[in-house]
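Presented below is the structure to which this report refers.
The values are calculated or read from the model by the stated rules, or taken from the named source; none is laboratory data. Quantities reported herein were computed from a predicted structural model and do not represent experimental measurements. Positions of Cβ are generated from backbone atoms using ideal geometry, with glycine treated the same way; all protein chains shown enter the neighbour counts. When the accessible area is computed, the model is the full protein with side chains, heavy atoms only, and any ligands, DNA or RNA have been set aside. Shrake-Rupley method; radii C 1.70, N 1.55, O 1.52, S 1.80 Å.
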Amino acid sequence: MLRILLLSDIHFIHCEDDENDYRSLETAFVEAMDEVRDSGGLNQILICGDIANKGLESEYQTADTFLKRVFEHLGCDEKKTQVYVVPGNHDINRNINKMSRLGWRTTLLDRNRAESFIYAAKHNELDILKTLYSPFSAFHKFANAHSSLDGIAEAIFLNVPNFDFRSFRKEVELGVLDNYIIKLHCLNSALLCDKDDVNDPRAMKAGEHKLFIPKSAYNPDTPSTTVNISMMHHPHAWFENEDDLRTEFDRKFKFQIYGHVHTQSITQDKKGKSAIRLQVGSLHPGQGGDPEVYPPLYNILELDVVKNVLKVKVTCYCWDGEQFNKNDKFSYIRKVALRKKSNRTTNQKKEVNKMKTAVEISDEIYELRYRFFSSEHIREIINEINAKAYDNSKPEYANALTFFKTASSKTDVMEQLKVILTKFDD
């Protein structure tokens, strides 16, 4: 079984402690992690967007401080606990390139032109994608620390000459359950978000502030060995191609996670047979909504596979003004049938065994990556292992990404990195 802490819409702001309206709530949440630790701990933490309020670097510093408190009460090390994030509309600094981005919205909302436009941008007009991604710069630094950069964002960090074979999503293996690979796909649904955001899709006029996500972002492989899970901030109703998008997601992802609307629900069109869609509530939903509909909340997900069936258990905890209590109204158990393992070929079985080995060492790789990217001695570390690997013409973060991408595929280099990091830590 996989046990996951699921959060969404935290909306961190950078302020003095005495000015934080959510101070008591945050303390109660952190203390609630003691019980999570005592009842079995966690495998991962997922945050479904709107980590910040205005996409500012200082807000992500606040988020990091908060997560360190969470790790402390969970009894684990932030260097080892896997955290995966996606951006929301509040993870954008909307003052960056706002006119250029606004100018491309009409094209991206035209179903007949959008895909050809984004294809041309990716392969021939890189500056268009760089501009679309530019308001996420602070989020991307935060996401990079937690291994959550999609392929395009990473390419921009690296300043590579082309974006060929770079993905609009980030894929991570969460684990292996009953010989099924559980794979999370982190998607950016906020590329067209700006100052005209609206809170209710029913208020949208035709084409007004609808959103766009490239089709290639939600086109993962679907072998019988893998259970795909999607996580993105906006539900389908916010997109221009809402119905088509829902159909495609239901084909590709057995379990889907969304945020943004600040209340919680779960849907499944055909009980036990079709995809499960979880609409996640908010930890910081604001002061104006009905507390029965929009309570501050968090979830513990438990994922398991038994007899070719994926079981999703969602246990919700809501804030009552003093503490977090289990809420049965927003807690669910749903199941969905998977393709039977008996149909697998010999090669598919080998692929699962190979992935099992990769998952077993993923915690150690995640820890080394976190320690490396958090170090104040990145240049010295790279030069000590391979002086030729550091390119003085590129910024440090680009060197770090390039180096670790190469190092992670070489066992001897990772062992060297472990020794050198320990030396600098001391």
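Summary of computed values
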{"quantity": "Members of region 95-113 that are open to solvent by 60 Å² or more (accessible area, probe 1.4 Å) and out of contact with any Ser or Thr (no Cβ under 9 Å at 6 or more places or on another chain)", "calculated": "Asn95, Lys98, Met99, Leu102, Thr106, Arg111, Asn112"}
{"quantity": "Phe142 vs. criteria touching a strand residue (DSSP E or B) at 6+ places or on another chain (Cβ under 8 Å), aromatic (Phe, Trp, Tyr) and surrounded by 15 or more Cβ atoms within 10 Å (Cβ to Cβ)", "calculated": "yes"}
{"quantity": "Number of the exception - Asp64 against (1) in a helix (DSSP H, G or I); (2) more than 30 Å from Ser39 (Cα to Cα)", "calculated": "(2)"}
{"quantity": "Residue tally, condition of a type in the set (A, V, I, L, M, F, W, C), open to solvent by less than 50 Å² (accessible area, probe 1.4 Å) and out of contact with any Leu (no Cβ under 7 Å at 6 or more places or on another chain), over region 1-28", "calculated": "4"}
{"quantity": "Unique residue being assigned to a helix (DSSP H, G or I), in contact (Cβ under 8 Å) with a residue 12 or more places away in the chain, over 21 Å from Gln264 (Cβ atoms) and open to solvent by 70 Å² or more (accessible area, probe 1.4 Å) when the list is Glu367, Glu384", "calculated": "Glu384"}
{"quantity": "From the options Ala400, Ala337, Ala407, Ala387, residue that is out of contact with any strand residue (DSSP E or B) (no Cβ under 9 Å at 6 or more places or on another chain), more than 26 Å from His140 (Cα to Cα) and of a type in the set (Gly, Ala, Ser)", "calculated": "Ala387"}
{"quantity": "Among the candidates Ala155, Ala190, residue that is assigned to a helix (DSSP H, G or I) and crowded, with 22+ Cβ neighbours inside 10 Å", "calculated": "Ala155"}
{"quantity": "Among residues of region 223-252, those that are in contact with a Phe, Trp or Tyr (Cβ under 8 Å, 6 or more places away or on another chain) and part of a loop (DSSP other than H, G, I, E, B), counted", "calculated": "6"}
{"quantity": "Val70 vs. criteria open to solvent by less than 60 Å² (accessible area, probe 1.4 Å) and part of a strand (DSSP E or B)", "calculated": "no"}
{"quantity": "Counted residues, region 267-295 - those being under 21 Å from Gln44 (Cα atoms) and either among the hydrophobic types (A, V, I, L, M, F, W, C) or outside any strand (DSSP E or B) (or both)", "calculated": "7"}
{"quantity": "Answer from Asp127, Asp164 - the residue that is surrounded by fewer than 16 Cβ atoms within 10 Å (Cβ to Cβ), on the phi < 0 side of the Ramachandran plot and touching a residue at least 24 places away in the same chain (Cβ under 8 Å)", "calculated": "Asp164"}
{"quantity": "Members of region 188-220 that are closer than 24 Å to Thr267 by Cα and charged (D, E, K, R)", "calculated": "Asp200, Arg202, Lys210, Lys215"}
